[in-house]
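The values are calculated or read from the model by the stated rules, or taken from the named source; none is laboratory data. Predicted model, so just to flag it, every value in this text is computed and none were measured. Here Cβ is always computed from backbone atoms with ideal geometry, including for glycine, and neighbour counts include all displayed protein chains. Ligands, DNA and RNA are excluded from the accessible area calculation, which covers all protein heavy atoms including side chains. Shrake-Rupley method; radii C 1.70, N 1.55, O 1.52, S 1.80 Å.
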Amino acid sequence: QVQLVESGGGLVQAGGSLRLSCAASGSTFGTTIKGWFRQAPGQGREFVAAIRWRPGDTYVVDSVKGRFTISRDNTKTTVYLQMNNLNPEDTAVYYCTARSGSGTIFSFRGYDWWGQGTQVTVSS
């Protein structure tokens, strides 16, 4: 089992920045990909970004490309989502996720473990 705990969400004005963190514990040696999804009220869970643990390839959805960056720390147990130039459309609950298997990384169905989520609210 893998436990994921997110932090760093909050309220920010449009144009501002936030950095989300996701600390992983448990049987993390088997995880191959860690990522972030978000879910706005009344919407489905949307892929935001992912990082392949080896060799570190990253993937980012087009709507946030150039504004959001996913990264990891040197111990490879924490993943970050740096979010710059935020706009109200980025308002959502952001979930950290991880998986040990293969398949598409862009669907929430492809992931095995989830954090509890952290709220990001961007005011106009």
Legend entry - Residues being touching a residue at least 24 places away in the same chain (Cβ under 8 Å), β-branched (V, I, T) and within 20 Å of I33 (Cβ to Cβ) - total across segment 94-124: 3
Legend entry - Test set (1) closer than 14 Å to C22 by Cα; (2) touching a helix residue (DSSP H, G or I) at 6+ places or on another chain (Cβ under 7 Å); (3) open to solvent by 60 Å² or more (accessible area, probe 1.4 Å) - T104 fails condition number: (1)
Inset, instruction - Please give the number of the condition I33 fails out of (1) modelled with pLDDT under 95; (2) touching an Asp or Glu at 6+ places or on another chain (Cβ under 8 Å); (3) of a type in the set (A, V, I, L, M, F, W, C). - result: (2)
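Looking only at segment 41-62, which residues are surrounded by 14 or more Cβ atoms within 10 Å (Cβ to Cβ) and not aromatic (F, W, Y)?
Of the residues in segment 41-62, the ones surrounded by 14 or more Cβ atoms within 10 Å (Cβ to Cβ) are 45-53, 59-61.
If the condition is that a residue be surrounded by 14 or more Cβ atoms within 10 Å (Cβ to Cβ) and not aromatic (F, W, Y), then R45, E46, V48, A49, A50, I51, R52, V60, V61 are the ones that fit.
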Legend entry - G66 being in contact (Cβ under 8 Å) with a residue 40 or more places away in the chain, surrounded by fewer than 17 Cβ atoms within 10 Å (Cβ to Cβ) and not in a strand (DSSP E or B): no
